[in-house]
Amino acid sequence: MGISNVLELLGGVALFLFGMSLMGDNLKKVAGNKLELILFRLSSTPLKGILLGTGVTAVIQSSSATSVMVVGFVNSGMMKVRQAIGVVMGAIIGTSITGWIICLSDLGGGANGWLELLSTDTLTAIIAVIGIVLHTFSHSSTKKHAGEILLGFAVLMFGMKAMSGAVYELRSSETFINMLTTFSNPLLGILLGLIFTSVIQSASAAVGILQALSVTGAIRFDIALPIIMGIAIGAAVPVLLSALGASSDGKRTALSYLMVDTLGVIVFSAIFYTFNAIVDFSFMSMTMTTVGLALLNTVFRFAIVILLAPFIPQLEKLGRLIIRDKATGGEELQDFERLEERFLDHPALAVEQSRLTVNSMAQKAERNLFDAFSLIGNYSEDGFEHVNHLEDIIDKYEDKLGTYLVHITSRELNSELNGAVGKYLHTINDFERISDHSLNIAECAKELYDKEIVFSEQGKNELHVLISAVSEIVDTTVDAFVRNDIEGAYRVEPLEELIDNLCDEMKMHHIDRLQKGICTLNHGFVFNDLLTNLERVSDHCSNIAIAMIELESESFDAHEYINSLVQVRSHCFDEYYAEYSKKYVL
């Protein structure tokens with residue numbers, strides 16, 4: 001085997017890996033952005049988890065990718081470790097599908113005449129031509145992805161052919177055959193498979209290369225089985241690497257991949273080689289073909305899952321013994337764990353986790369405002385510190401979410417996901433500003449307490465009415481946002497206009513009280529600060545509602561919306577305004 005054969009082999013491996021990656025990535029895109037959501041929503045039982053793990057892995061052509069995704073689910077609290085182990089087991093089975101695809105390389109070998117049209121070379125060429133036509137000339141993204149799937153398959157098959165051609169001469173090499181024979185020793189064979197798969201980080205590719213070597217006729221059953229067992233263990237390496245920095249449960253999920261494969265290999269090999277020592281299986285010296293290797297790989301993976309599936313609870317306990325719990329942060333840190341970098345390759349999941357985190361931010365901003373209101377007339381240092389602390393936390397939400405959402409925009413998004421990301425980017429600043437005004441209101445309460453300022457009875461009553469109106473607009477806005485209730489969002493703008501009018505009226509009343517000597521300038525400064533902050537809170541609620549309504553109608557022109565809503569009095573504006581005018585009277 002000369003240098004040209006080595007280069008041809010390496011080139012074939014490169015094409016094979018690239019083709020598999022291209023085909024898998026685009027299969028996932030064609031399957032739709034909801035594939036990942038289905039995976040974690042429908043994996044409630046071990047059997048469902050195994051079936052779904054198998055199906056998803058068969059689509060995306062990578063057990064590592066499925067398992068890394070599941071580590072992200074567990075790390076963000078979307079899935080329990082016990083559920084995840086079932087999905088991991090399914091992924092272990094699903095990755096064997098690639099071996100069966102590679103078997104197509106044997107199709108039509110040596111055929112003549114019309115049968116030559118069914119040969120691998122002809123089919124691969126036809127598929128490549130169709131793929132490049134779809135990729136180049138289609139305007140539909142789905143058709144482009146379908147073209148890339150076909151191109152990926154063609155590249156994979158060309159790579160397989162290049163590998164097989166490069167090693168074909170080795171069938172007559174005594175040195176090669178003698179070297180392979182040493183791997184009939186189970187320990188050496190498992191070690192080879194483990195190291196090789198750890199290096200290339202793909203069990204499917206490792207099995208594919210083994211299938212390419214089968215063209216030499218030197219791969220016997222007793223050589224293939226230990227290598228395939230080693231490949232199964234080595235496939236856990238990329239999953240373990242992905243769990244660095246994950247939570248304890250995330251690490252346990254990654255470890256479960258290694259535990260299932262390692263324990264499966266130990267139990268399977270103990271049973272198999274014990275029976276072989278007693279019975280002396282005649283098929284041990286059987287020469288393996290690509291189909292034989294695909295079948296062996298699938299049967300082995302099925303066997304270890306069937307052996308270990310009843311012991312999922314015990315595997316979870318073993319994971320807890322090996323990886324101890326570490327101290328967790330507060331509620332906000334658990335929210336931040338949702339924003340998993342692993343999910344950026346799965347935009348539907350990333351957007352769903354962003355939605356949950358923005359909702360949590362909105363509810364905290366509302367809670368902080370109401371806590372600030374409670375300090376007016378009932379001030380305490382602990383209460384003030386609590387508002388200040390929650391404001392710092394909400395600032396972190398804006399920073400984390402903003403960065404994460406920007407990363408999501410760099411991915412390929414459909415119109416629905418793109419609209420959702422746009423809504424969140426437009427609204428997180430408004431929720432953060434509501435919290436800022438909460439702190440300002442708390443500081444006004446502190447000033448009232450420190451300077452022993454007491455408003456007149458009329459001033460107190462008016463302030464109570466305004467705070468009630470602002471409380472309702474915030475509650476309506478947050479509730480509409482969390483439930484994505486567009487009808488609820490339409491109620492915000494009429495109340496915001498009423499609050500503006502109430503503030504103007506209260507300022508005029510206050511000036512009147514100053515002229516009559518009922519209030520002093522000290523009262524005036526704090527009173528006006530409170531009015532300003534309350535009015536701005538309602539403005540931010542209006543911004544949020546507008547973002548919801550405009551993005552629902554696939555446009556975003558805030559000024560045009562406000563003008564049309566106020567001037568034309570569309571969508572029950574007058575009705576809602578009249579309702580609020582009766583409810584909030586100075």
Of all residues making up the stretch 71-101, the number that are closer than 30 Å to Thr290 by Cβ and not small (Gly, Ala, Ser)
10
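Residues checked against (1) free of Cβ contacts under 8 Å to residues at least 40 places away in the same chain; (2) touching an Asp or Glu at 6+ places or on another chain (Cβ under 6 Å); (3) on the phi < 0 side of the Ramachandran plot; (4) surrounded by fewer than 19 Cβ atoms within 10 Å (Cβ to Cβ):
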| site | (1), (2), (3), (4) |
| --- | --- |
| Leu339 | no, no, yes, no |
| Met361 | no, no, yes, no |
| Asp399 | yes, no, yes, yes |
| Tyr404 | no, no, yes, no |
| Glu412 | no, no, yes, yes |
| His426 | no, no, yes, yes |
| Arg433 | no, no, yes, yes |
| Ala442 | no, no, yes, no |
| Ala445 | no, no, yes, no |
Being of a type in the set (D, E, K, R) and either modelled with pLDDT of 75 or more or closer than 22 Å to Ala125 by Cβ (or both), is that true of even one residue in the stretch 79-90?
yes
Determine, yes or no, whether Leu307 is over 30 Å from Leu530 (Cβ atoms) and open to solvent by 40 Å² or more (accessible area, probe 1.4 Å).
yes
Could you pull out the residue among Leu187, Leu123 that is touching a helix residue (DSSP H, G or I) at 6+ places or on another chain (Cβ under 8 Å) and either at pLDDT 75 or above or not hydrophobic (A, V, I, L, M, F, W, C) (or both)?
Leu187
Here are some conditions: (1) closer than 22 Å to Val305 by Cβ; (2) surrounded by 20 or more Cβ atoms within 10 Å (Cβ to Cβ); (3) among the polar types (S, T, N, Q). Ser269 meets all but one. Which one does it not meet?
(2)
From the set of residues in the stretch 570-586 that are in a loop (DSSP other than H, G, I, E, B) and farther than 12 Å from Arg491 by Cα, which is modelled with the lowest pLDDT?
Leu586
Find the residue count for the stretch 234-256, including only residues that are surrounded by fewer than 22 Cβ atoms within 10 Å (Cβ to Cβ) and in a loop (DSSP other than H, G, I, E, B).
4
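The values are calculated or read from the model by the stated rules, or taken from the named source; none is laboratory data. Keep in mind that this is a model prediction, so the values were computed, not measured. Please note: Cβ atoms are built from the backbone with ideal geometry, for glycine as well, and neighbour counts cover all protein chains shown. Note: areas computed on protein heavy atoms with side chains; ligands, DNA, RNA excluded. Shrake-Rupley method; radii C 1.70, N 1.55, O 1.52, S 1.80 Å.
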